[in-house]
1. Given segment 15-110, what strands (runs of 3 or more DSSP E) lie entirely inside it while holding 1 or more residues that are open to solvent by less than 40 Å² (accessible area, probe 1.4 Å) and under 23 Å from residue 143 (Cβ atoms)?
2. Restricting to segment 277-328, name every residue that is among the acidic types (Asp, Glu) and loosely packed, with under 14 Cβ neighbours inside 10 Å.
3. As an exercise: evaluate residue 163 against (1) farther than 29 Å from residue 43 by Cα; (2) among the polar types (S, T, N, Q); (3) in a loop (DSSP other than H, G, I, E, B) and give the number of the one condition it does not meet.
4. Of 335, 273, 236, which residue is modelled with pLDDT under 95, in contact with a strand residue (DSSP E or B) (Cβ under 6 Å, 6 or more places away or on another chain) and open to solvent by less than 40 Å² (accessible area, probe 1.4 Å)?
5. Of the residues 340, 310, which single one is hydrophobic (A, V, I, L, M, F, W, C), out of contact with any Lys or Arg (no Cβ under 7 Å at 6 or more places or on another chain), farther than 19 Å from residue 245 by Cβ and not in a helix (DSSP H, G or I)?
6. Quick check: is even one residue across segment 155-178 more than 16 Å from the chain's Cα centre (by Cα), open to solvent by 30 Å² or more (accessible area, probe 1.4 Å), under 27 Å from residue 331 (Cβ atoms) and without any contact (Cβ under 8 Å) to a residue 60 or more places away in the chain?
7. Is it true that some residue in segment 233-243 is in a helix (DSSP H, G or I) and farther than 23 Å from residue 279 by Cβ?
8. State yes or no: is residue 194 among the basic types (Lys, Arg), closer than 19 Å to residue 320 by Cα and surrounded by 14 or more Cβ atoms within 10 Å (Cβ to Cβ)?
Amino acid sequence: MKYLKLINAEGKEWFMPEKGCATGLQLYQPSSFKGQLLKKYLPYVKGLHVVLERFHIEKQEYTIPQDFQDICHQVFDAEVLEYAFFNGTPSVHQKQVIQIFKENSILGYAKRSSVPGIKANFDLETRILNKLHSAGIHNVPQCLYLGTLSNEEQLFIQSTRKTKSSFTHHTLKPLHWDFLSTVKEKTGQVFECKESGLYNSLLKFQDLISGFQLKDFDILKERLRAVLKELESTKLPVSVYHRDFTPWNMFVEKGKLFVFDWEYAETAYPAYLDAFHFYTQTAMLVKKWSPEKVFKGYVKQRITFKKYIADPDRLYQYYLLDIMSLYLDREDRVLSAEEAIEIIAPWLQLFEFLSAYDGTK
């Protein structure tokens with residue numbers, strides 16, 4: 001089958017079926033203006049060689065494994081299906097994401113990967129989705145299939161409500177806060193902090209950086225010890241935490257927020273921590289803000305965070321320590337102190353700004 005191969009500035013790859021390009025492009029979530037123009041107009045100009053050349057788009061044959069197609073036909077009870085592919089963000093958990101559709105109707109999404117340990121991620125996502133649905137939270141996917149392909153790749157298929165009319169916000173809106181409030185209400189508990197996912201993550205972070213001998217780490221170790229000590233005797237209100245709550249993992253359909261990609265989720269983290277992730281990752285990755293500008297932007301909209309969170313400055317610091325822990329823990333190699341600093345540098349700088357902040361403008 002003929003596909004259009006799209007490559008962005010970061011080297012990420014998408015394959016769109018030439019005939020079903022308009023629907024297939026719903027898998028493509030560009031943040032740049034150029035990418036958004038491409039998504040909007042490619043279906044109308046895909047036959048123009050000069051346009052394809054200008055945007056470095058190639059026409060290629062793409063072979064879809066038969067066993068994967070057989071499973072999809074069974075899951076969606078359809079004889080004819082179309083597929084669009086995103087080859088994934090390079091990482092230790094890289095996976096291919098497939099949009100499955102029929103004409104103009106998007107039926108679901110699949111993830112497949114041969115990366116060691118990915119099965120645990122897919123198993124976790126299935127458990128989290130089941131937990132959310134059991135709690136009455138239904139604007140998240142349902143697991144439709146979890147298994148192994150003939151080449152030993154792990155396969156996870158989930159439902160969706162996405163349509164060609166769905167869209168994404170890149171700033172925190174009331175509907176994001178409403179979603180997080182619902183998650184807090186329906187999955188909330190009060191834990192002794194030592195039993196929480198946050199506390200265990202910070203303990204792991206302490207262990208990960210214990211052997212590093214750099215001044216930056218000396219300061220971080222001291223602050224981390226203080227945070228762990230203040231948490232030791234604390235009871236913490238916790239709820240399910242998505243842990244990758246970003247514009248590219250959600251969409252708005254008929255006025256409701258639909259959130260997917262729960263494979264890094266946790267069940268016992270402080271409520272509303274996802275709001276800090278959304279704000280920070282969007283500012284850093286989409287707007288390309290420096291840590292100082294991210295901090296100043298947070299101060300400007302701190303009043304909004306305070307509507308939902310009693311002490312947002314403290315919780316923001318917890319978030320930054322946890323995200324640094326996550327990214328170091330995800331590495332499947334032994335890191336030097338210099339390599340570790342490079343990985344966590346933006347969050348560490350932001351953490352230092354917050355640590356020195358006294359809560360005034």
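The values are calculated or read from the model by the stated rules, or taken from the named source; none is laboratory data. Source: prediction; values computed, not measured. Cβ atoms come from the backbone with ideal geometry, glycine included; neighbour counts cover every protein chain shown. Each accessible area value is taken on the protein alone, full model and side chains, heavy atoms only, with ligands, DNA and RNA left out. Shrake-Rupley method; radii C 1.70, N 1.55, O 1.52, S 1.80 Å.
1. 82-86, 96-102
2. If the condition is that a residue be among the acidic types (Asp, Glu) and loosely packed, with under 14 Cβ neighbours inside 10 Å, then 292, 311 are the ones that fit.
3. All conditions are met except number (1).
4. Being modelled with pLDDT under 95, in contact with a strand residue (DSSP E or B) (Cβ under 6 Å, 6 or more places away or on another chain) and open to solvent by less than 40 Å² (accessible area, probe 1.4 Å) holds for just one of 335, 273, 236, which is 236.
5. Answer to the selection: 310.
6. No - not one qualifying residue is present in segment 155-178.
7. Within segment 233-243, not a single residue is in a helix (DSSP H, G or I) and farther than 23 Å from residue 279 by Cβ.
8. Yes: the conditions hold for residue 194.
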